[in-house]
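The next block holds one structure in the form of structure tokens; read it before the comments.
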Amino acid sequence: MSLYDPAPNKRPAPANVIDLRGLNPAPVTVFDSEGKVDWAANADLAKWLAGKEGVKSLVILGHAGEGTFLTTEEQVRLIEVYVEALDGNIPVIAGITGEGTEVAAKEAKRAADAGAIGALVYPSHGWLRFGYQDGAPQDRYKAIYEESGLQCILFQYPDATKATYNLKTQLEIAAQPGVVATKNGVRNMKRWDTEIPVLRKEFPDLQILTCHDEYLLHTMFDVDGALVGYGNIAPELLFALIQAGKAKDYAKARAIHDQLLPVTKNVYHRGSHMEGTVALKIALRARGVLKDATVRSPLIDLSSQAEQEIEAAMKEAGIV
Ligand SMILES: N[C@@H](CC=O)C(=O)O
């Protein structure tokens, strides 16, 4: 028995563990031109994404969803709108971002009451600057699962941050009841190549998802799926990329990567990852999926030249 295998009666065996083995887009939140949440447009986006082949869940209230820019009431209502729009076809997963453990656990309970099935558990953001005490991330996942019953996704932040989890911490979180997947954005290929195989070996059922939007190809051969904001704008090609990765078909994966490259450059290589969210909305508007690309502060509109470049990239990639 592995060191990390808890006693059988402690591991939840959720009869219906959410299946994330495919594309899991993190939808943007649609606002009207005055910056109010456009509930109907969000429901339409949910249905549009859920109708795409290979989409396994929708992960709302994340970075791409400007989740922390919404009020508590808006967060709850957005979950309800998604649950109603998806009508049980695929699960709604909510980003859980509260800083304190109890605050996050209560946030997760609200999400569960609103109909979410899963939680993408962000690190407590103070850890980005100060780091975390050994054991604190484990407590955070435990409290969230115990309070809400939401199936949890372990969110691995980049190696360049102090909120990145060392391997021991990842393994101990993965061993906890309710943790069914990891979304890995470590962006350090030495760590990726070292740690992913250990996670796989110790927890064969743990679903491994990449979130390296800006260079997906390089992680695509080791994963069960992707959990990405990129999934908003090119779900068809991203699902094809995931399939090529699973088939170990490098030539096909490379061709899809190359087809997407103008879009990748214009959305994710343009500036900070935050800017990527603004670009996602412009690209969705170019696809005709959104009418309005309004973002909430602290996001800032891009220049009209940038908008034109994003639209041109979507055309060059053959998406519009
Ligand atoms: N792709 C991103 C965006 C997050 O939610 C990441 O790596 O974390």
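The values are calculated or read from the model by the stated rules, or taken from the named source; none is laboratory data. Remember, it's a predicted structure, so these values are computed and weren't measured experimentally. Glycine also receives a Cβ, built like all others from the backbone with ideal geometry; neighbour counts cover every protein chain displayed. Note: areas computed on protein heavy atoms with side chains; ligands, DNA, RNA excluded. Shrake-Rupley method; radii C 1.70, N 1.55, O 1.52, S 1.80 Å.
Which numbered condition in (1) farther than 19 Å from G67 by Cβ; (2) in a helix (DSSP H, G or I) is the only one that G318 fails?
Only one criterion is unmet by G318, namely (2).
Based on what the data block shows, is V289 modelled with pLDDT of 95 or more, touching a Leu at 6+ places or on another chain (Cβ under 7 Å), over 27 Å from T219 (Cα atoms) and not in a helix (DSSP H, G or I)?
Yes; evaluated as a whole, the condition is true for this residue.
Could you check the stretch 121-145 and list, in sequence order, the residues that are within 25 Å of R200 (Cα to Cα) and part of a helix (DSSP H, G or I)?
Hits for the stretch 121-145 are A136, P137, Q138, D139, R140, Y141, K142, A143, I144, Y145.
Looking only at the stretch 54-90, how many residues end up being open to solvent by 30 Å² or more (accessible area, probe 1.4 Å) and more than 16 Å from the ligand (Cβ to nearest atom)?
13
Any residue at all in the stretch 179-200 that's closer than 16 Å to T101 by Cβ and surrounded by 20 or more Cβ atoms within 10 Å (Cβ to Cβ)?
Among the residues of the stretch 179-200, at least one is closer than 16 Å to T101 by Cβ and surrounded by 20 or more Cβ atoms within 10 Å (Cβ to Cβ), which makes the answer yes.
Does A175 qualify as being among the aliphatic types (A, V, I, L, M), more than 16 Å from the ligand (Cβ to nearest atom) and over 30 Å from Q138 (Cβ atoms)?
Criteria not met by A175.
When A181 is evaluated against the numbered criteria (1) touching a residue at least 12 places away in the same chain (Cβ under 8 Å); (2) more than 20 Å from I93 (Cα to Cα); (3) not in a helix (DSSP H, G or I), which criterion, by number, is the only one it fails?
(2)
Kindly provide the set of residues from the stretch 201-212 that are away from the ligand (no atom under 16 Å from the Cβ) and open to solvent by less than 50 Å² (accessible area, probe 1.4 Å), ordered by number.
Those that are away from the ligand (no atom under 16 Å from the Cβ) and open to solvent by less than 50 Å² (accessible area, probe 1.4 Å): E202, F203, L206, Q207.
Does the stretch 213-222 contain any residue that is of a type in the set (A, V, I, L, M, F, W, C), within 25 Å of V267 (Cβ to Cβ), more than 16 Å from the ligand (Cβ to nearest atom) and free of Cβ contacts under 8 Å to residues at least 40 places away in the same chain?
So far as the stretch 213-222 goes, yes, one or more of its residues are of a type in the set (A, V, I, L, M, F, W, C), within 25 Å of V267 (Cβ to Cβ), more than 16 Å from the ligand (Cβ to nearest atom) and free of Cβ contacts under 8 Å to residues at least 40 places away in the same chain.
Is it the case, given these coordinates, that V295 is within 16 Å of the ligand (Cβ to nearest atom), on the phi < 0 side of the Ramachandran plot and modelled with pLDDT of 95 or more?
For V295, the condition - within 16 Å of the ligand (Cβ to nearest atom), on the phi < 0 side of the Ramachandran plot and modelled with pLDDT of 95 or more - is met.
The conditions are (1) in contact (Cβ under 8 Å) with a residue 40 or more places away in the chain; (2) surrounded by fewer than 22 Cβ atoms within 10 Å (Cβ to Cβ); (3) in contact with a helix residue (DSSP H, G or I) (Cβ under 8 Å, 6 or more places away or on another chain), and E236 fails exactly one of them. Which is it?
For E236, the failing item is (3).
Here is a yes/no grid of residues against (1) within 14 Å of the ligand (Cβ to nearest atom); (2) at pLDDT below 95; (3) in a loop (DSSP other than H, G, I, E, B):
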site: Y165; (1), (2), (3): yes, no, yes
site: K168; (1), (2), (3): no, no, no
site: L171; (1), (2), (3): no, no, no
site: V186; (1), (2), (3): yes, no, yes
site: V198; (1), (2), (3): no, no, no
site: L227; (1), (2), (3): yes, no, no
site: E236; (1), (2), (3): no, no, no
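Can you confirm whether K265 is more than 30 Å from V320 (Cα to Cα), at pLDDT 95 or above and assigned to a helix (DSSP H, G or I)?
For K265, the condition - more than 30 Å from V320 (Cα to Cα), at pLDDT 95 or above and assigned to a helix (DSSP H, G or I) - is not met.
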